[in-house]
Amino acid sequence: MESKFTFAQNVIKEAGKLLLQQMEDIFDITVKSTNDDIVTSVDVAIQTFLMQKITVSYPKDHFLAEESDNQQAISDGNVWVIDPIDGTLNFVTQKSDFAIMLAYFEQGVGQFGLIYDVMADKLYAGGGIFPVTCNGRELPVFDGRPLNQSLVACNTGMIVQNDHNILAVLQNALGIRNYGCAGLSMAKVLNNQLWAYFSNVYPWDYAAASILGQSLGYELLTLDGQTVDFISREKVVFLPRQYKADVLHLLNKNEQNWA
């Protein structure tokens, strides 16, 4: 497993170099479902690069990848979950605040995850038997601080709709942020910069962080407290495990006060 983990770190860095080269050129943009749901030719190129590299080294492995028909269930064999550019809107409009993400599973068990902030050259990596690090610096476990001394990140649409009574939780925080990139938002949770992250995301958006967070005291759940299905788009929360019961109580009991 150690050689596979090393390979993953190397190949995601190579993908980052390719992305930096291609973002300087003219690239195609295609609208998928709505104007804010887009894919670029760079997304496709990065995903193709990663899949080809992995297939050459590990020909029996499978993929759950955003920009293709490769939708292997993570419970079925050795599966790489790929998000070639998480935060594509940020990539197109700002050239910052986006990430490349990889997660590796064996028979449904997460072995390691990687979130690569390309522009900042920060690689969050680890999980499973590996320590969770940022550029080699081991990250501490959750420090236990309460919500009222912390910031959270949340999808703006969920705030407007007060989805699952979410305002009852958010009003207890010091403030709310929205970075437009699930991977970097959850990396900020892992780095003790945010307390929690709420959003409506796909498996490739959360797979890496779900593995990275386990050994640091974090958990990824749907807003009604269920385990994510790694199949569909779901409304989720990534939060400190020790406060899970308090958050779920507010989200699902229509109450307004922190437990």
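The values are calculated or read from the model by the stated rules, or taken from the named source; none is laboratory data. No experiment lies behind these values; they were computed from the predicted model shown. With ideal geometry, Cβ positions are generated from the backbone for all residues, glycine too; neighbour counts draw on all protein chains shown. Please note that ligands, DNA and RNA were not included when accessible areas were found on the heavy atoms of the full protein model with its side chains. Shrake-Rupley method; radii C 1.70, N 1.55, O 1.52, S 1.80 Å.
Filtering region 5-24 to residues that are closer than 16 Å to Asp43 by Cβ, part of a helix (DSSP H, G or I) and hydrophobic (A, V, I, L, M, F, W, C) leaves Ile12, Ala15, Leu18, Leu19, Leu20. Assess whether Leu220 counts as being touching a strand residue (DSSP E or B) at 6+ places or on another chain (Cβ under 8 Å), buried (at least 18 other Cβ atoms within 10 Å of the Cβ), modelled with pLDDT under 95 and not basic (Lys, Arg). Considered against the rule, which asks whether it is touching a strand residue (DSSP E or B) at 6+ places or on another chain (Cβ under 8 Å), buried (at least 18 other Cβ atoms within 10 Å of the Cβ), modelled with pLDDT under 95 and not basic (Lys, Arg), Leu220 comes out as no.
Within region 103-119, can you find the residues that are of a type in the set (A, V, I, L, M), open to solvent by less than 50 Å² (accessible area, probe 1.4 Å) and under 22 Å from Gln21 (Cα atoms)? If you could, list the steps in order and put the result at the bottom.
Of the residues in region 103-119, the ones of a type in the set (A, V, I, L, M) are 103, 109, 114-115, 118-119.
From the residues that got through so far, the ones that are open to solvent by less than 50 Å² (accessible area, probe 1.4 Å) too are 103, 114-115, 118.
Across region 103-119, the qualifying residues are Leu114, Ile115, Val118.
Given the criteria more than 18 Å from Val201 (Cβ to Cβ) and part of a loop (DSSP other than H, G, I, E, B), does Ala120 qualify? When the stated conditions are applied, Ala120 passes them. So is Val56 more than 23 Å from Tyr202 (Cα to Cα), part of a loop (DSSP other than H, G, I, E, B), open to solvent by 50 Å² or more (accessible area, probe 1.4 Å) and not aromatic (Phe, Trp, Tyr) or not? No; evaluated as a whole, the condition is false for this residue.
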